[in-house]
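Down below is the structure, laid out as structure tokens.
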Amino acid sequence: MSPDTETETATLGGGCFWCVEAAFKELDGVESVTSGYAGGHVEDPTYEAVCSGDTGHAEVVQVEYDTDELGYEDVLKVFFTVHDPTQLNRQGPDVGTQYRSAVFYHDDEQKQVVQRFLRELDAEGAYDGDEIVTEVEPLDTFYEAEERHQDYYEKNPNDQYCSIQAEPKVQKVREKFGEKAAQ
């Protein structure tokens, strides 16, 4: 990243953070993706505590992106393509509030963009008329997940969960956002 590169950060919860992280790492303009936790009431939670469903946190990723290559709306387009925002407190086989669909905005501009984006998705019936249940909340605190959860898909290419859950999301990004996909 050059010194004059301007970046912004988006914080998104769309099920298992391994899968969302892998999908975003496919995009040109993404400087980093960090798995973590947001939206809960316990300080510095562990993965095990979040998985219990008792901390109130969602598994999230923080996507830092170069604003010359991607806009916040581009990030949202990818996010709403790689997860199902109509599933309440789940994504596929992962069930619990920690897997909820959520956008944690960083400022009023992000809030306005995501609210407009969701209204447009609803207006066009983007999910066969199913209700979008994505939470839109201000980001209070982001807690970085343990090191073993960072770059999980890259580090564990033969993991069965990744093959079944993450790989289709990666392929979807390559197919639908090919012009923005890293080569």
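The values are calculated or read from the model by the stated rules, or taken from the named source; none is laboratory data. Note that the structure is predicted; figures quoted are calculated from it, not measured. For neighbour counting, all protein chains shown are included, and Cβ atoms are generated from backbone atoms with ideal geometry for every residue, glycine included. In case anyone asks, the SASA skips ligands and DNA or RNA and just uses the protein heavy atoms, side chains included. Shrake-Rupley method; radii C 1.70, N 1.55, O 1.52, S 1.80 Å.
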The chain, relative contact order [Cα under 8 Å, separation at least 6], %
32 percent
If you place +1 on the Cβ of every Lys and Arg, -1 on the Cβ of every Asp and Glu, and leave all else neutral, what size is the dipole of the chain about its Cα centre, to the nearest 20 Debye?
660 debye
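With a 1.4 Å probe and all protein chains left in place, how much accessible area per residue does the chain have, in Å²? Intermediate results must be reported in sequence, preceding the final value.
Details: 9040 Å² over 183 residues.
About 49 Å² of surface per residue is accessible.
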Quick one: which residues, 5 or more positions from VAL60 or on another chain, have an amide H under 5 Å from its amide H? H modelled 1.01 Å from N in the peptide plane, none for Pro or chain starts.
GLY36, TYR37, ALA38
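Using the Kyte-Doolittle scale, find the helices of the chain whose mean hydropathy is at least 0.0 and whose Cα atoms extend 15 Å or more along the helix's long axis, counting only whole DSSP H runs. Mind dumping the intermediate values first?
On the way: long enough: 72-82 (16 Å, 0.83); 108-123 (22 Å, -1.05).
Within the chain the helices that satisfy the rule are 72-82.
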Can you find, among PHE142, TYR152, GLN110, the residue sitting farthest towards the positive end of the charge dipole of segment 93-183, where Lys and Arg contribute +1 and Asp and Glu -1 at Cβ?
TYR152
Return an integer: the convex hull volume of the alpha-carbon atoms of segment 1-105, in Å³ per residue.
100 Å³
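Would you mind telling me the share, in percent, of accessible area of the chain contributed by carbon and sulfur at probe 1.4 angstrom?
Values: 3780 of 9040 Å².
The nonpolar share, carbon plus sulfur, comes to 42 percent.
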For the chain, the charge dipole (Cβ of Lys, Arg +1; Cβ of Asp, Glu -1; about the Cα centre) points to a positive end, and the Cα of THR5, PHE79, GLY92 closest to that extreme belongs to GLY92
What share of all Cα pairs of the chain, in percent, falls into each consecutive 5 Å distance bin?
1, 8, 17, 22, 23, 16, 9, 3, 0
